[in-house]
Structures are given as structure tokens and as C-alpha cells.
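Taking it in order: structure first as C-alpha cells, then the write-up.
Just so it is clear, none of the values below were taken in a lab; they were calculated from the coordinates. Fair warning: this is a prediction, and the values are worked out from it, not measured in the lab. Note that each Cβ is placed from the backbone with ideal geometry, even for glycine, and that neighbours are counted across all protein chains shown.
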Ligand SMILES: NC(=O)c1ccc[n+]([C@@H]2O[C@H](COP(=O)([O-])OP(=O)(O)OC[C@H]3O[C@@H](n4cnc5c(N)ncnc54)[C@H](OP(=O)(O)O)[C@@H]3O)[C@@H](O)[C@H]2O)c1
């Protein structure tokens, strides 16, 4: 019986993780949960899963939460820290959105526990620190992102030195066939309707700009130790092939399934075992055509900007991530245009004085600087066009 914590249990990944855990009650116990503001859902989850601890990170939500059960309720970052490092915890699913995921990721590894990571932002900001910490503490990092779960599975087909390149697939988002000119007029509602996946707002916008794929390239670099020039991206609108690995002999191994995040979550929970699941079988005859095309860098520049940040190295990916978080939030608040997101990220990155081999504090400083800079850029009329 493993004790599992889900950070972000009110989110899309968090709720899917709880569905998987409900199917395997004899193997996993839900030790802890965290939500930011959705305390209504936490009130439903507590009697259902009986966690020993729950954390609420939003102050006002913490104050209005009804305490009428045995679960210990903790507050804020200190609460997350206490939960991730609790001696009884075996595995932490980090399903928080954004840079707030970094500290809990580090804390989990510092405590030598397995980190099942959906929160790609922490790997983008501080991939080297997290990988080094995992090595130092003998802790494992298991990907939940479907692309990285796919690559982990494909890599089992050969030796590390036999890998030629990683091929991350991307649905291409809802605006694949729109013209560049059209993109300026995209509304928040249009950007929030993803063709193949149901996800939180931030990742849905990131998928529409292709920044999500850029963040995933950086994530793949750190998780699998492959340089940027050996990681490519291929648009595959049906989201059936979740990613591929090409080996030196020319063989390409792909991982396929119906698009459903419960599968990569289950794979991480049971890794390295495979167990029978209730997930829908893939019927390729019904799936029909599988199509592929190169990403359009001119129409979706965020992918290229992310590659650039990875090649710059040091604090650059943390700046990319922070500027993107600010710009996406501004777009969701109707403060900047869809194409403004990419301009804000690019401009913030170009003003950044990168620091190589950053320590934790350098990353936090770069993140704060990028938020301030991107916030100022959001007020510029150019970003609304
Ligand atoms: N959704 C997917 O299919 C998918 C696939 C691959 C990777 N991912 C990655 O998984 C992560 C989560 O994505 P998601 O789609 O599940 O997002 P989501 O639905 O927006 O959920 C985000 C979770 O984080 C919590 N949260 C938000 N702001 C917070 C803060 N300031 N402090 C602490 N907690 C906070 C939310 O709490 P409240 O709701 O209570 O406010 C919620 O539980 C992201 O990094 C995303 O890129 C998602």
C-alpha cells in the first residue's frame, strides 16, 4: 500500500488522478490533497478519500473552509512543504499549475520521495536543480505529461546511446488552419476550446500558442538528458500518437492510445509495472487517418522562442516561463491580444541578462524580474493589437 499526495486535487490532472486512485484502492491510499481556492470540491473529496491532511493555499478560501472532519487542514506554502515531506508519504503527484509548483517539487525530492510530475513549469524553471536533487537523494521523477510518459515508454526499446532523437507530438491546438492575420482577433473563448484534450485554462492557452510544446521540449531535455537539437516537434492533430523515439538504426518507436490523461497517470503510479485498467482500448480502424505536419514557426513563434531559451540556458527558461504566465493571465483577463502573448514573452526574454549555472535564489530572482518586466509590457498598447 503506497501513500499518495495529490497537489492540485481540484484541477483537471488532480481530478483524473483521484479517478485512477479510486480504481486501485487496494494499492494506494490518498494521504493528502491540496487545493488553492476550490474548497467546495475539497469538501466533497475529503469524505470520499479520507486524507490525513489537506492544504488550502488561498488565504480567503482557507478562512471560509468548514472544518467538520478528522483531516488536518494546513495553510499555504508551509502546508505544502509539510505535506510533501511527511515521513508516511511515498509518492507526490504535483498537479499544480505554474511556478508555484517549484517549491513542492524540490521539497518532495529533498525528502527522497517519488515525484510524479505534471507541473512542467517547475522543470522548465529549474530542471537542472530538480534532476541534481533527485540524483543526490536517490529519488525518482516520473512524468505525467502524456508526451513524456510516451517517450519514457518508447525509450525501453533501446539503449541510451542508441537514441537518435525524441519526437514530441502536438495536436496543434484549435488554430492550426487559421491565417496569421486571423490570430490577432482570437478571443479568450475561442482559445479555451481545445480540439482533443480537456485541461485547465493556462495549459489550454499554452496549447493554442504552441508554448505548451516549447515548455515540453525543455521538460524533455531535463527528464531524458537529450540536447535541444535532438528533440523535434511534429504536429499530429488526432492526438493518438503521444510521442516517438527514433533510434540510430532508423527505427521509430511510437506510443499510442486514446487521448486520456488517466493512462499516463496510471503508468507513473505503477511504474515500472503495467496493470490492467478500465481505459478505453484504441481502435485504429475507427480512429481513421493519422496525419502529421511540421509546426509553422512563423504563425506560432512561441515554440521557437522556447527552443531559444533552452539554448540560452541558465535563468532564460525561468524567464520564459514567468513572462508566459503573466502574458497568458493578461490574455485571459482580456488585457492583451492572443498574439500579444508571444510579443511579451519574446521582449522580456530579449531584455534579460541571463545568469549561467543559477542557484535556487537566482531562479527566484529571475522569475520575479520577468514578472515585473512582462507586467509592464502588458500595459503597452502594442500588446493589445
Ligand atoms: N490538464 C491536462 O490534461 C494536463 C496534461 C499534461 C500536463 N498538465 C500540466 O499539469 C499542471 C496542472 O494542469 P491542470 O490542467 O490540471 O490545471 P488546472 O485544472 O488549472 O488545475 C490547477 C490546480 O492548481 C491549483 N492552483 C492554482 N493556482 C494555485 C496557486 N497559486 N497555489 C497553489 N495551487 C494553485 C488549482 O487550485 P484551485 O482550482 O482550487 O484554485 C488546481 O488544483 C500544469 O502544469 C499543466 O501544464 C496538464
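How high is the FRET efficiency from residue 333 to residue 232, r the C-beta distance, R0 41 Å, rounded to 0.05?
Working: r = 34 Å, r/R0 = 0.83.
FRET efficiency, residue 333 to residue 232: 0.75.
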Describe numerically, in nm with one decimal, the distance between label points set 7 Å from Cα along Cα→Cβ at residue 64 and at residue 140. 4.1
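Using only helices, what value at 222 nm comes out for the chain when you add -39,500 (n - 2.57) per DSSP H run of length 4 or more and divide by the total residues, to the nearest 500 deg cm²/dmol? If you can, show how the numbers build up before the last one.
Working: 17 runs with 179 residues, N = 385.
Taking each H run of at least 4 residues, the total per residue is -14000 deg cm²/dmol.
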Given the range 2-143, what whole percent of its Cα pairs are spread farther than 19 Å? 45
Could I have the simple spin-label model distance between residue 282 and residue 72, label points 7 Å from Cα toward Cβ, reported in nm to one decimal? 4.3
May I ask for the distance between the Cα centers of the range 5-48 and the range 152-218, given as a whole number of Å? 26
Starting from the Cα of residue 110, step 7 Å toward the Cβ, then list every residue of the range 336-374 with an amide N under 17 Å from that point. 359-365
Length added when fully stretched, residue 2-residue 22, from 0.36 nm per residue minus Cα-Cα: 5.9 nm
Label residue 380 and residue 355 with points 7 Å out from Cα along Cα→Cβ: what is the distance between them in nm? 2.4
From largest to smallest, what semi-axes in whole angstrom does the range 163-231 give when each is the square root of 5 times an eigenvalue of its alpha carbon gyration tensor? 26, 13, 10
Fewest first, what order do 260, 283, 132 take by the number of other Cβ atoms within 10 Å? 283, 132, 260
Running a GNM on the chain with Cα contacts under 10 Å, which residue among 112, 40, 313 ends up with the highest mean-square fluctuation? 40
By how many nm would the segment from residue 198 to residue 311 lengthen if fully extended, with 0.36 nm per residue of separation less the alpha-carbon distance? 37.6 nm
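Mind checking the full-extension length gain between residue 291 and residue 131? Use 0.36 nm per residue of separation minus the Cα-Cα distance, one decimal, nm.
Values: separation 160, 0.36 × 160 = 57.60 nm, distance 3.46 nm.
Taking residue 291 through residue 131 to full extension adds about 54.1 nm, to one decimal.
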If you bin the C-alpha pair distances of the range 222-283 every 10 Å from 0, what whole percents do you get? 16, 43, 35, 6
Max mean-square fluctuation residue, GNM over the chain, Cα-Cα springs under 10 Å, options 279, 119, 38: 279
What area, in nm² and to one decimal, does the C-alpha convex hull of the chain cast on average over all directions? 18.8
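Give me 252, 275 sorted ascending by neighbouring Cβ count inside 10 Å, so fewest comes first.
Working: 252 14, 275 11.
Lowest to highest Cβ neighbour count: 275, 252.
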Packing-based exposure ordering (other Cβ within 10 Å, fewest first) of 84, 154: 154, 84
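For the chain, what does the relative contact order come out to in percent, with C-alpha contacts under 8 Å and a separation of six or more? List each step's numbers first, then the result.
On the way: 718 pairs, mean separation 54.7, N = 385.
The value is 14 percent.
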State the antiparallel share, in %, of DSSP beta bridges confined to the chain, rounding to the nearest 5. 25
